[in-house]
Amino acid sequence: MNHAETVAKHVLESMLPGKMEYQLEQSHGECDFELRYHNGITATVEATASIDQMQVETIAATHDKRKGGSSIPAKECKRSWMIFPVKGARIDRIRAAADECLFRLEQAGIEKFSLVRDWHHQCVQDVCRDLNVISGSVISTRTSPMIFIASAVGGGAVGPSIVIEAGEKEAWKKDNRKKLGAAKTAEHHLVVYIDPINGLPWVALTDFEPPSALPNLPEEITDIWLVGHDKETNEFVIWRASIKEPWTRFRM
C-alpha cells in the first residue's frame, strides 16, 4: 500500500464499524479496498492523494544532487544567502545566475529583500524577475560563502472552499469515477489524502471548519473523506461528507 492507502485504511477502520480489506488484484480496474462492515454489508473504497505537481517537481529539482542539490558555491558573493524560489521556478537558471544577481544586491548594500515589501527597489525587482524568487536574505555560516535554495513557496487566499475544491477535483477524475462506478456495492467511498506539499488546501483543511453544505459529487461516489496530518500534533484532521450528509470535521 502507498501512503494514501495506508492512511485511508487507518482512518476508516478507526471511525467506521468494519474492516478494510486491501485488494491485491487490481488489474481489471478494481478499487483499493472492500470495507466489510461488522453487520455483513460491504462498501467499496478508493484512496488517492491531492498533490501540487508543480510544487513537487520544483522541490525535486531543488534537491537533485546530480545537479548540485540545494546549495551553490559563491564565487562573487562575499556573504552567504538563503533564497526562496516561487513554485515553478527554473532551478537550473537559479544555479547559473544566483551568484551574480545576489552580488549586485551586496554592492547596493542590501542584505534582505522581499518582492512584496521592496518592490520599489529596481535592483530587487531585477533579481526577483531574473531568478524567479520571492525573497532572500544574508545568513551566517561558518563556511566560505554559499547560496542556499529553500523549498519553493506559493501563496494565495486560503479558506474552506479551497480544500473542498481539491477533494472534488479528485472525485470528478475519470479513473476514480470509473473504478468506483463499476462496484456493485451501495456505498462508494473516496478518501483523498491532502499532502502537506499541497500547501493551501492543507492549511485550509487543518485550520478551518468546513461549511454546512453537501459536496458536489458525481453519481459514482456516495461518500468523500478529506484527510491530512495536523501541523502540530500526530492527529489526523478529517472532513467527511456524503450525498445525504453535509461536511463534518473530525480529529483522530
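Values in this text are rule-based calculations from the coordinates and carry no lab data. These figures come from a predicted structure and were not determined experimentally. Cβ atoms come from the backbone with ideal geometry, glycine included; neighbour counts cover every protein chain shown.
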D (Stokes-Einstein, µm²/s), Kirkwood Cα radius, the stretch 26-173, 0.890 mPa s at 25 °C
134 µm²/s
Out of every Cα pair in the stretch 120-252, what percent are spaced more than 28 Å from each other?
38 percent
Select from Leu115, Leu205, Leu102 the residue whose mean-square fluctuation is largest in a Gaussian network model of the chain (Cα-Cα springs shorter than 10 Å).
Leu115
Please list 3J(HN,Hα) in residue order for the stretch 190-195, calculated via the Karplus relation 6.51 cos²θ - 1.76 cosθ + 1.60 where θ = phi - 60°; whole Hz, with x for glycine and proline.
10, 9, 10, 7, 8, 5
Taking the mean number of other Cβ atoms within 10 Å as a proxy for protection, how do you rank 17-23, 231-237 from highest to lowest?
17-23, 231-237
Among Leu214, Leu12, Leu200, which one shows the biggest mean-square fluctuation in a GNM of the chain, springs joining Cα atoms closer than 10 Å?
Leu214
How high is the relative contact order of the chain? Use alpha-carbon pairs under 8 Å, at least six apart in sequence, and give a whole percent.
20 percent
On each of the three principal axes the extent of the alpha-carbon atoms of the stretch 195-252, given in whole Å and largest first, is 35, 19, 16
Kirkwood Rh in Å, taken over the chain so that all alpha-carbon pairs contribute
20.6 Å
Between beta-carbons, use under 9 Å as the cut-off and find the net charge around Lys179, counting Lys and Arg +1, Asp and Glu -1.
-3
Compare the peptides 193-199, 58-64, 182-188 by average per-residue count of other Cβ atoms within 10 angstrom and give them in order, highest first.
193-199, 58-64, 182-188
Using just the C-alpha positions of the stretch 71-149 as equal point scatterers, what log10 of I(q)/I(0) does the Debye formula give at each q in 0.14, 0.15 1/Å?
-0.37, -0.43
Go ahead and estimate [θ] at 222 nm for the chain from helices alone: -39,500 (n - 2.57) per DSSP H run with n ≥ 4, summed, over the residue count, rounded to 500.
-9500 deg cm²/dmol
Options Gln107, Gln125, Pro145, ranked by Cα towards positive dipole end of the stretch 71-149, top entry (Cβ charges):
Pro145
Magnitude of the Cβ-charge dipole of the chain, K/R +1 and D/E -1, about the Cα centre, nearest 20 debye?
780 debye
